[in-house]
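The values are calculated or read from the model by the stated rules, or taken from the named source; none is laboratory data. Just so we're clear, the structure is a prediction, and the values are computed from it rather than from any experiment. Note: ideal-geometry Cβ built from the backbone for every residue, glycine included; neighbour counts use all protein chains shown.
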Amino acid sequence: MTSITRRLFLSLATALAPGAAIAHHGWGGYDTSKSFTVTGEILKSTYENPHSEIEMEVEVSTGASSSRRLRAWSGAASRRT
């Protein structure tokens, strides 16, 4: 890679990186003013910075059980109620 090509690539990568971070952490599709309750058996829980994830077996409206995966905010923003 030539020096000019490398500089151009690094400049573009630096300019586009903040947009990628905002897109990844966007919560625009969620109504955070409403809460909900999920009842079921916890099959697995993991914490991989910056998110925690819980896999649950829940009963759906048909009476059958279904596996659901829930992803939470960062540990600092999450709280137990």
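Is it true that SER67 is modelled with pLDDT of 80 or more, surrounded by 10 or more Cβ atoms within 10 Å (Cβ to Cβ) and out of contact with any His (no Cβ under 8 Å at 6 or more places or on another chain)? In short, yes. Please go through segment 38-62 and pick out each residue that is at pLDDT 85 or above and not hydrophobic (A, V, I, L, M, F, W, C). Scanning segment 38-62 gives THR39, GLY40, GLU41, LYS44, SER45, THR46, GLU53, GLU55, GLU57, GLU59, THR62.
Residues that are surrounded by fewer than 10 Cβ atoms within 10 Å (Cβ to Cβ), part of a helix (DSSP H, G or I) and modelled with pLDDT of 75 or more within segment 5-31 comprise THR5, THR14, listed in sequence order.
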